[in-house]
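Written out below as structure tokens is the structure these notes cover.
The values are calculated or read from the model by the stated rules, or taken from the named source; none is laboratory data. All values reported here derive from a predicted model rather than from experimental measurement. Neighbour counts run over all protein chains shown; Cβ positions are idealised from the backbone, glycine included. What goes into the accessible areas is simple: the full protein's heavy atoms, side chains included, and nothing from ligands, DNA or RNA. Shrake-Rupley method; radii C 1.70, N 1.55, O 1.52, S 1.80 Å.
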Amino acid sequence: MKKISIVLGAALMCVLMAFSPASGDRLLGVWQSGSGKAGVKIEKIGAKYYGKIVWLKEPIDPATGKPKVDKNNPDEKMRTVPLKGYRILKDFSYKNNDEWSDGTIYDPENGSTYKCVIKMKDNNTLDIRGYIGVQALGRTDTWKRMKLGK
Amino acid sequence: MKKILYLFAGMLLISACGKQTKDNITLDITFKSDGPFFEASPESLQHQLTDELTAFMKQHHATEANIEAVKLTSASFTTTDSSGFTDFGSLTLNMMAGGDSKAKEIAVQNPLSKENSFNAQPAGDADLSEHFKSKEKFLVCDLTPKKDRENPFELKAKLTFEFTFKD
């Protein structure tokens, strides 16, 4: 009887863990960067998470009068790609403890790509830490889940 | 005697490097989205590669371990949609895969052709060998709508990849 209870308890734990809100998919949604300049939609492709710009506070480049493009990209062929739709978060894997890592973040303002780790502080707040080499040498930006009408 | 030794060492080096073979495969991929499309929201159309490479790999008696290098050499896109590509501003084709491989943009076109077909520029000289070695591999086509669109959209891609196999 005791054995059956243990097995049932373990099975229940597994089911609870599988459907727990702590799973990696809590990251999905649209998030606003700390500067408020961009909204980034995070989606899942295969087992990894990616984020692309879906909203810009200033979508038009005042210099050209046209939608902003990725003009600082080190790859010349990518410089005509519109910023809206650009995938700036790539290859994140969920590692438990509300943390997604092994990914990169691209900064369109200087065309640089950094290693990145995402930590969920609460359901509506993310700490996005971009770094070079080791995590200690980096900068953290706090993103908020975007609400309609913002 | 010295010359013979050098020649022998050279031959040994060449044989140690192993033989490489190159061949191209052209994949016909269909991307679909049921819509609606919103101007404010770029759309990602996905296709997971499953058994498209099976016959090609068999022909070369190769497994994933034999893949030395892969690059996209040409990419053309067509649609039978009555409005062509006019509802969309730009297209970026990405390759994503599991494991340690990193997502890569492999073809870009901006602006899109007003016609029903175009050849896109392969982006960079990206080596996709790690992607093709992975069990899970995806082609993701990012389309930027120019305006809201209610109807579904379908496009076909003809992608040629150059594979380098090692023995």
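Would you be so kind as to identify which of B:Phe77, B:Thr164, B:Ile25 lies farthest towards the positive end of the dipole of the range B:20-166, taking Lys and Arg as +1 and Asp and Glu as -1 on Cβ and the Cα centre as origin? So the residue we want is B:Thr164. Taking a Cβ cut-off of under 12 Å around B:Lys32, the surrounding Lys, Arg, Asp and Glu residues balance to a net charge of -3, with basic ones at +1 and acidic ones at -1. Simple spin-label estimate for B:Ser74 and B:Leu27 gives 1.8 nm between the two label positions (7 Å along the Cα-to-Cβ direction from each Cα). Per-peptide packing, taken as the mean over residues of other Cβ atoms within 10 Å, places B:109-115, B:86-92 in the sequence B:86-92, B:109-115 from highest down. Per residue, the accessible area of the protein assembly as shown comes to 57 Å², computed with a 1.4 Å probe over protein heavy atoms only.
Across the range B:34-167, Cα pairs under 8 Å and at least six residues apart give a relative contact order of 45 percent.
The orientation-averaged shadow of the Cα convex hull for the range A:63-126, equal to a quarter of the hull surface, comes to 5.6 nm². Peptide A:82-89 is shielded by partner chain Cβ atoms: per residue, an average of 5 of them sit within 10 Å of its Cβ. Ranking A:Asn96, A:Gly34, A:Val81 by how far each Cα lies toward the positive end of the dipole of the range A:22-145 (charges on Cβ) leaves A:Val81 at the top. Scattering from the range A:22-145 was approximated by placing one identical point on each alpha carbon and applying the Debye formula without solvent; log10 I(q)/I(0) at 0.10 1/Å stands at -0.30. Dipole magnitude for chain B: about 900 debye, using +1 per Lys or Arg Cβ and -1 per Asp or Glu Cβ, origin at the Cα centre.
Farthest towards the positive end of the charge dipole of the range A:22-145, among the residues A:Ala63, A:Gly46, A:Gly130, is the Cα of A:Ala63, using unit charges on the Cβ of Lys, Arg, Asp and Glu. Computed from backbone phi, the HN-Hα couplings of the range B:65-81 come to 5, 7, 6, 9, 7, 9, 9, 7, 9, 7, 9, 10, 10, 9, 9, 9, 4 Hz, rounded to whole numbers (Karplus: 6.51 cos²θ - 1.76 cosθ + 1.60, θ = phi - 60°; Gly and Pro given as x). The tail of the calculated P(r) for the protein assembly as shown beyond 31 Å holds 41 percent of all Cα-Cα pairs.
Here the dipole of the protein assembly as shown is about 760 debye; that uses its Cα centre as origin and unit charges on the Cβ of Lys and Arg (positive) and Asp and Glu (negative). Cα extents for chain B along the principal axes, largest to smallest and rounded to whole angstrom: 78, 27, 26. Taking trypsin sites (Lys or Arg not before Pro) across the range A:34-91, none is in a DSSP loop with at most 10 further Cβ atoms lying within 10 angstrom of its Cβ.
Rounded to 0.05, the FRET efficiency of the A:Asp122 and B:Gln46 pair, given R0 = 35 Å and the Cβ-Cβ distance, is 0.70.
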